[in-house]
Number of protein chains: 2
Amino acid sequence: MTAYAKLETKIREITRLREIEAISGWDEACMMPSGGGAGRSQALATLTSMIHERLCDPEIGELLNTARADGAILDDWQLANLSNIEREYVEATAIPAELVRATRLATLNCEQAWRQARAANDFQSIRPLLEEVVGLERQTSEALGSAMGLAPYDALLETYEPELRARDIEPVFDDLKQFLPEFLDRVLASQHPAEPLTGPFPVEAQRALCEETMRVLGFDFERGRFDVSHHPFCGGVPDDTRITTRYHEEGFLESFMAICHETGHALYQQGLPVGWREQPVGDALGAAIHESQSLLMELQVCRSREFIGFAAPMIRKHFGRDSADSAWTAENLYRAATTVERGFIRVDADEITYPLHVILRFELEQALLDGSLPVRDLPEAWDDAMQKYLGVSTRGNDADGCMQDVHWYAGLFGYFPTYTLGALGAAQWFDAARRDLTDLPAEVSAGNLRPLLGWLREHVHGRGRQTTMQSLFEEVTGSQLDAGFFKRHLESRYLS
Amino acid sequence: MTAYAKLETKIREITRLREIEAISGWDEACMMPSGGGAGRSQALATLTSMIHERLCDPEIGELLNTARADGAILDDWQLANLSNIEREYVEATAIPAELVRATRLATLNCEQAWRQARAANDFQSIRPLLEEVVGLERQTSEALGSAMGLAPYDALLETYEPELRARDIEPVFDDLKQFLPEFLDRVLASQHPAEPLTGPFPVEAQRALCEETMRVLGFDFERGRFDVSHHPFCGGVPDDTRITTRYHEEGFLESFMAICHETGHALYQQGLPVGWREQPVGDALGAAIHESQSLLMELQVCRSREFIGFAAPMIRKHFGRDSADSAWTAENLYRAATTVERGFIRVDADEITYPLHVILRFELEQALLDGSLPVRDLPEAWDDAMQKYLGVSTRGNDADGCMQDVHWYAGLFGYFPTYTLGALGAAQWFDAARRDLTDLPAEVSAGNLRPLLGWLREHVHGRGRQTTMQSLFEEVTGSQLDAGFFKRHLESRYLS
């Protein structure tokens, strides 16, 4: 057995434990009764520790060295796999075992408490737990940064999207900060408001609509599930991919668009290379690419005039409405799905204001991590930034302010920027797909997503981690990630 | 830190991994889409192997020796915990690591294939997988037996109920084989048949009835869930106890009685001693005691005239029936719930024929394990035994014959006898509770199960593994397990 083959065997065992971790994590969010929380946090922390311990096995370091020396006999996929294993080994060995366990425990406890604190609009109750999480994330970012020769925040970015740095994000965000506010004013001044869609919107009808939409988009129910959670997400593993949404009886667009988004994630996960199921190279490339897939489905496909035209009869069927009712025409549904407004909630935001929500978080999370923004001042800083970027105030409404997203409470610092990079990427992928698939608009109008899915499987999903984000964009679309596609998309959809 | 304290720390970590294993196993049965099966089997086999590896850590053996020497400073619970850890260590170290993994993998694959094979009534398709499972269970029983100085089948019994031996079961079963057939004839000759309960029985109404019944019996939904699976079971962990049932639209008694049964298991699990959550002494005593709790709820409580009298209005409410309809009176519902008949299916069997189903399995599983019954001859042997004990034939209907239960396909050999020991125990516990709680029949008639649950919590649930089955019966009821209580119960219910 070669060193490389031994390495694959050791890593395969770790991947299997991670599959168990993914399913238990999904269960914690979707199925677990509240009384199970304390025990589950301990159990997951133990499992995470054990995975970390196995990944830090010095034998992996030795095998990596030997396998590198044998490099000549490995093919491209194996070489890419080796690099990915090396990256994971460096990351794992950078963080002390006790910090891994403490972080896992603190983030699980904080996330569980957040569910109550958000419902009660009670930031003070969650503050000490969030302070603990911020402190642990700071330690982690410093440990990772020092092992990888990166600034602490860059080290966190690296764990979500390899090779992504704050200095690459800043000019893009500066450009958007310049472009979007003025663009937003022009759109708000010119848009035709949609007629209101009035209920009832029974949860069961919403669920059925979501499920039918998932089937149209290509979700494979033999290898996945669809459930409810506090915050929509995509979890599980490639052959058991699990997405969630949440329902409010006052409207269906939130659950519907969340499911369009999460199905994009799921299609990526279900389309990862079959031959590399239990190796890192078979995993998703990174969070920005993942978001580019979810936002491609949500923004480029599902909010398009073509798709809404196809979906309108399906939507009317589930809620028992008639096309003679002017609120339920395809045109009005399209207007409702593309309504632009300054709002509080990121996940409900239109695609113009959405990047402003992300920029706010990108700036605040760096300040939280470097200590310049103490956690106790977060509600006020959030409100200030909301007023500055979106012209709305969240004072006294932390539930819809700094408690609206689970991310920080769950220890996800450095993740938010990938949403906006994903939105840019989605526009760029869709532009490239439209060039390759000349019938694409007509197919989308007919609800036939198979050609697009085939294209994504070939060019993105099936590539796993064989390359890097920028190389993949360059290879498939002809250029590195470029905000121009996104801006042209916005202009075409909102001002033409 | 004393050796005992170190031992507790090491065992705590293992218990936490077992919690993850329990939840992932529940997920496999209740939530997992079929495409996830192959990957999940590998992942669970890896986790099981790792738990086994940790339990075999030679340091545990050394700590056990040192802690034994320190025995004088340990209290009763700690001493009992030490014995339980020792027992688990001996069992774990008896089985080679490769056999543990191979068995876990083979039983998961076989159980998954059984779901399809049973639905298709295709024993031949599952035969090779069952042969593999039987071969592995044979190796396991021999390895365990040689380490513990027990016959192979006794070694399997020991893993389900400490100190239980085939030689103790045989005279009890011989007695029942003598008593039941004649008793059954007398009951069949004298029973008043129930008026048929005709549908529809919508799944949602059945589910709501089950849930309301669980609440009446005392199930804590803050620390548990209720779902659907191919075969009803109770899983999860004390603070996250998960029970399941299955529905058929033709009738509601099956799902209803299954949930009464599983709630009995759940109440035991939720009532285990809180102070010992992550140690073996805090676990359930064994399978026979577990079944005595489920059957106490199902047979002694829920099939009683008192409980059915209480439940009748609740049942009518869920299915929209009227007490003026003679089929839906409490009296007729009681007759339906205590109808005795010779049938194919163990889980649907009345309490008189049930032990005959178990005796059949007790005899066949010993023959499968010692090789005197080859797996290929199982369908015929099953049919012969059904004709002998129950006077019905399963020829050509293996789905309702040797494929009706998941147990053997999931590697559970040595479990079946505990059902009938549990039925005997249930009668004995209930007799003792009735002596201590003089108002018990009236409370059950009023749907107030709290006094009974309090009694069980004190005398059985809260005791964990602090003692053994026979000692517990003797201490609480005044005698060791005695079939007389069960026989008197049957006579009183069916012939008085």
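Read the figures in this text as sums done on the coordinates, not as results from a lab. The shown structure was predicted, so the numbers you read here are calculated from the model rather than taken from an experiment. Here the Cβ is made from the backbone with ideal geometry for all residues, glycine too, and neighbour counts use every protein chain on show.
Between segment B:75-105 and segment B:337-380, how many Å separate their Cα centres?
If you average the Cα positions of each part, the centres end up 30 Å apart.
Given the peptides B:390-397, A:377-384, arrange them by the average over their residues of other C-beta atoms within 10 Å, most packed first. Kindly include the intermediate steps, with their values, before the conclusion.
Numbers: B:390-397: 15.5, A:377-384: 18.2.
Ranked by mean Cβ neighbours within 10 Å, highest first: A:377-384, B:390-397.
Which net charge results for the neighbourhood of B:Asn121, defined as the other residues with beta-carbon distances under 10 angstrom from its beta-carbon, given Lys and Arg at +1 and Asp and Glu at -1?
Details: positive: B:Arg118; negative: B:Asp122, B:Asp398, B:Asp400.
Neighbour charge sum, excluding B:Asn121 itself: -2.
Would you pull out the residues with amide H under 5 Å of B:Asp239's amide H, same chain only if 5 or more places away, H placed 1.01 Å from N?
Sorted by chain and number, the residues that satisfy this come to none at all.
Can you give the local net charge around A:Pro451? Use residues other than it whose beta-carbon is closer than 10 angstrom to its beta-carbon, Lys and Arg +1, Asp and Glu -1. If you can, show how the numbers build up before the last one.
Values: positive: A:Arg450; negative: A:Asp436, A:Asp439, A:Glu443.
Charge balance in the 10 Å sphere: -2.
How shielded is A:27-40 by partner chains, expressed as the average number of their Cβ atoms within 10 Å of its Cβ atoms?
Values: counts 8, 2, 0, 1, 10, 6, 11, 5, 10, 13, 2, 2, 10, 7.
If you average over the peptide's residues, the count of other-chain Cβ atoms is 6.
Taking the highest mean first, how do the peptides A:31-41, B:415-425 order by number of other beta carbon atoms within 10 angstrom per residue?
Working: A:31-41: 19.7, B:415-425: 25.6.
Listed from highest to lowest mean packing, they are B:415-425, A:31-41.
Across peptide A:16-25, what mean number of C-beta atoms from other chains lies inside 10 Å of a residue's C-beta? Kindly include the intermediate steps, with their values, before the conclusion.
Numbers: counts 11, 6, 1, 9, 12, 4, 1, 11, 6, 0.
Partner Cβ neighbours, averaged per residue: 6.
To one decimal in nm, how far is A:Arg376 from the same spot in the other copies, if labels go 7 Å from Cα toward Cβ? Please give the shortest first.
8.0
According to the square roots a ≥ b ≥ c of the eigenvalues of the Cα gyration tensor, what is the shape class of segment B:324-461, taking rounded for a/c under 1.5, prolate for a/b larger than b/c otherwise, and oblate for the remainder?
Details: a/c = 3.18, a/b = 1.66, b/c = 1.92.
Here segment B:324-461 falls in the oblate category.
Determine the shielding of peptide A:233-242 by partner chains: average, over its residues, the number of Cβ atoms on other chains within 10 angstrom of each Cβ. Write out the running numbers ahead of the final one.
Working: counts 0, 0, 0, 4, 4, 3, 9, 12, 3, 4.
Per residue, the number of nearby Cβ atoms from other chains is 4 on average.
Hey, how many Å between the Cα centroid of segment A:187-245 and the Cα centroid of segment B:255-313?
39
Take the alpha carbon gyration tensor of segment B:164-282, find the square roots of its eigenvalues, order them as a ≥ b ≥ c, and report rounded if a/c is under 1.5; if not, report prolate when a/b exceeds b/c, else oblate. Before the final figure, lay out each step's value.
On the way: a/c = 2.77, a/b = 1.14, b/c = 2.43.
Because a/c hits 1.5 or more and a/b fails to exceed b/c, segment B:164-282 counts as oblate.
So what is log10(I(q)/I(0)) for chain B at q = 0.08, 0.09, 0.10 1/Å, when the Debye sum runs over its Cα atoms only?
-0.49, -0.63, -0.78
Rounded, prolate or oblate: which fits segment A:256-397, taking a ≥ b ≥ c as square roots of the Cα gyration tensor eigenvalues, rounded meaning a/c under 1.5, else prolate when a/b beats b/c?
Taking the square roots of the gyration eigenvalues as a ≥ b ≥ c, segment A:256-397 is oblate.
Mind listing the Cα extents of segment B:1-69 along all three principal axes, in Å, largest one first?
51, 17, 14
Segment A:32-134: Rg/Rh from Cα coordinates, Kirkwood Rh?
Working: Rg = 19.1 Å, Rh = 16.2 Å.
Dividing the radius of gyration by the Kirkwood radius yields 1.18.
Between copies, how close do the A:Gly320 label points come, placed 7 Å along Cα→Cβ, listed in nm from shortest?
Copy-to-copy label distances at A:Gly320, shortest first: 1.5 nm.
How large, in Å, is segment B:233-283 by the Kirkwood hydrodynamic radius built from its alpha-carbon pairs? Provide the component values of the computation, followed by the final result.
Numbers: mean 1/r = 0.0837 Å⁻¹.
Kirkwood hydrodynamic radius for segment B:233-283: 12.0 Å.
Tell me which cysteines of chain A come out unpaired when the rule is another cysteine's Cβ under 4.7 Å.
Those would be A:Cys30, A:Cys56, A:Cys110, A:Cys210, A:Cys234, A:Cys402, since no other cysteine Cβ in chain A comes under 4.7 Å of theirs.
So what's the back-of-envelope 222 nm ellipticity for the protein assembly as shown, counting only DSSP H runs of four-plus at -39500 (n - 2.57) apiece and dividing by all residues, rounded to 500? Please report the intermediate quantities before stating the final value.
Numbers: 40 runs with 628 residues, N = 992.
Estimated from H runs of four or more residues: -21000 deg cm²/dmol.
From the alpha carbon gyration tensor of segment B:356-423, can you work out the equivalent ellipsoid semi-axes (sqrt of 5 times each eigenvalue) and give them in Å, largest to smallest?
Numbers: eigenvalues 59, 44, 26 Å².
Those come to 17, 15, 11 Å.
Rounded to the nearest 5, what is the percent of antiparallel bridges among the DSSP beta bridges in the protein assembly as shown? Write down the numbers at each step before the final one.
Details: 10 of 20 bridges.
In the protein assembly as shown, DSSP labels about 50 percent of beta bridges as antiparallel.
In nm, one decimal, shortest first: how far is the label point of A:Asn121 (7 Å from Cα along Cα to beta carbon) from the matching points in the other copies?
With the label placed 7 Å along Cα→Cβ, A:Asn121 yields 6.3 nm.
All other residues with a Cβ under 13 Å from the Cβ of B:Ala151 taken together, and with Lys, Arg as +1 and Asp, Glu as -1, what is their net charge? Present the calculation step by step, with values, prior to reporting the outcome.
Working: positive: B:Arg138, B:Arg165, B:Arg167; negative: B:Glu142, B:Asp154, B:Glu158, B:Asp168, B:Glu170, B:Asp370.
My count for the surroundings of B:Ala151 gives -3.
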